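For reference, the structure is listed below as structure tokens.
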Amino acid sequence: MRTYRAPRWLPGGHAQTIWAAKLARPFHQAAPQFQRQRWATPDADFIDVDFLQHPAQPGGGADGVAAGPTLVLFHGLEGSSSSHYAQSFASWALQQGVNLVIPHFRGCSGELNLAPRAYHSGDHAEIDWILKRVAAWQGATSPLVAAGVSLGGNALMRWAGEHGAQAAHTVQAVASICSPLDLAASGQAIGRGFNRQVYTRLFLRSMKPKAMAKWQQFPGLFDAQRLQAATDLFAFDNVFTAPLHGFVDTADYWAQASALPHLHKIQIPALALNARNDPFIPASSLPQPAQVSRHVTLWQPEHGGHVGFPAGMPPGHLAEMPHAVGGWLMEQAHG
């Protein structure tokens, strides 16, 4: 991934982003199959967690502790185990004999959660609870690693920075993939021009109805009229995400939740992969070596788009990124 080169037939960050999400092949053969568990949270809510089913392990490891390593994959904004990157990681995990666990952030599994909250980019407490529960399931004899895509990667790196050397008691290594580690810079970028017209509208198309369903659960929880009028993520976060999760406003949320100021505190092997042509994340906002600890590896190829990195001839495949990131994580786990 350090030297990823996009196919000649697919130039530009927007094309590499959209094609990967809509048209490229996320898996090689049959679609991966998952077994779902519902976990009760400490605050009387729930999350749904999907366990990849391996053909040789009919329960997918969910009915007992598997001998091999386990990867916990945190999805991005409005993502799920059905997202193209999750399917591609599942295909890689099947090939490599790696257990894959995909927790859904609250409200992202197809059913509205119960509490007067949702999920956000810096929820390192939720990450901590999930990872510790998976570690207890996995047991101490097999390696556990974690990766996060976009929003999930920022939250994961925020967790790694928050816990420092203590993180090693839970996981062997972490990776973020196309994550907005500087939330303010990325939030401003996605609110402008083509990004605003395409990606912002796409996200709000699912985020607004889910927020309004939350309002139906808890009438008066937020200003519904202001939320309906929101045309960008800054306005949405100002009405919904920030106040529901204890932040003063969007500016406070983006500042406190960003992982970038905490990367120098990470004390376990960590990888941050960001394409420099990512439409959502300005290259000028990407972490520099002086801003991270010696445990953090930076991969910043010129191409790849946002969670794209397609390869091969049309329609292309998405195996290269999971293979590179998953391979790096496995090296750390077994090193």
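The values are calculated or read from the model by the stated rules, or taken from the named source; none is laboratory data. Here the structure is a predicted model, which is why all the values come from computation and not from measurement. A quick note on method: Cβ atoms are made from the backbone with ideal geometry, for glycine too, and the neighbour counts reach across all protein chains shown. Heads up: the accessible areas ignore ligands, DNA and RNA and are worked out on the full protein's heavy atoms, side chains in. Shrake-Rupley method; radii C 1.70, N 1.55, O 1.52, S 1.80 Å.
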Q. In region 183-213, which residues have a backbone nitrogen under 16 Å from the label point lying 7 Å from SER284's Cα in the Cα-to-Cβ direction?
A. 183-193
Q) Roughly how much of ILE18 is accessible, in Å² to the nearest 10, using a 1.4 Å probe? A) 70 Å²
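Accessible area of the chain with a 1.4 Å probe: how many percent of it is carbon plus sulfur?
Carbon-and-sulfur percentage of accessible area, whole number: 54.
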Q) Using +1 on the beta carbon of Lys and Arg, -1 on that of Asp and Glu, and nothing else charged, what's the dipole of region 111-220 about the Cα centre, debye to 20? A) 520 debye
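Given the Cα-Cα distance of GLN217 and LEU112 and 0.36 nm per residue of separation, how much length would full extension add, in nm?
Fully extending the segment from GLN217 to LEU112 adds 36.8 nm.
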Q: Choose one of GLN300, MET212, ASN238: the residue whose Cα lies farthest towards the positive end of the charge dipole of the chain (beta-carbon charges +1 Lys, Arg; -1 Asp, Glu; about the Cα centre).
A: GLN300
Q: Specify which residue in the list ALA229, ALA173, LEU23 is farthest towards the positive end of the charge dipole of the chain, using unit charges on the beta carbon of Lys, Arg (+1) and Asp, Glu (-1), about the Cα centre.
A: LEU23
Q. Size of the dipole of region 162-272 about the Cα centre, Lys and Arg at +1 and Asp and Glu at -1 on the beta carbon, nothing else charged, in debye to 20?
A. 440 debye
**Q.** Unit charges on C-beta of K, R, D, E only; dipole of the chain, Debye
**A.** 620 debye
Q: Let me know the shape class of region 78-190, please: from the alpha-carbon gyration tensor, a ≥ b ≥ c as square roots of the eigenvalues, rounded when a/c is under 1.5, otherwise prolate if a/b is greater than b/c, or oblate.
A: rounded
Q. For the chain, with the dipole built from +1 on Lys and Arg beta-carbon atoms and -1 on Asp and Glu ones, taken about the Cα centre, which of HIS264, GLY161, SER285 lies farthest toward the positive end?
A. SER285
Q. Which lysines does LYS132 reach when only Cα atoms under 23 Å apart count, and residues fewer than 8 places away in its own chain are ignored?
A. LYS265
Q) Counting only heavy atoms of protein chains, what accessible area per residue, in Å², does the chain have with a probe of 1.4 Å? A) 41 Å²
**Q.** Reachable aspartates and glutamates, given that their alpha-carbon falls under 20 Å from the alpha-carbon of LYS22 and they are not under 8 places away in the same chain
**A.** GLU78, ASP278, GLU320
Q) For the chain, what mean projected area does the convex hull of the alpha carbons give, in nm²? A) 15.7 nm²
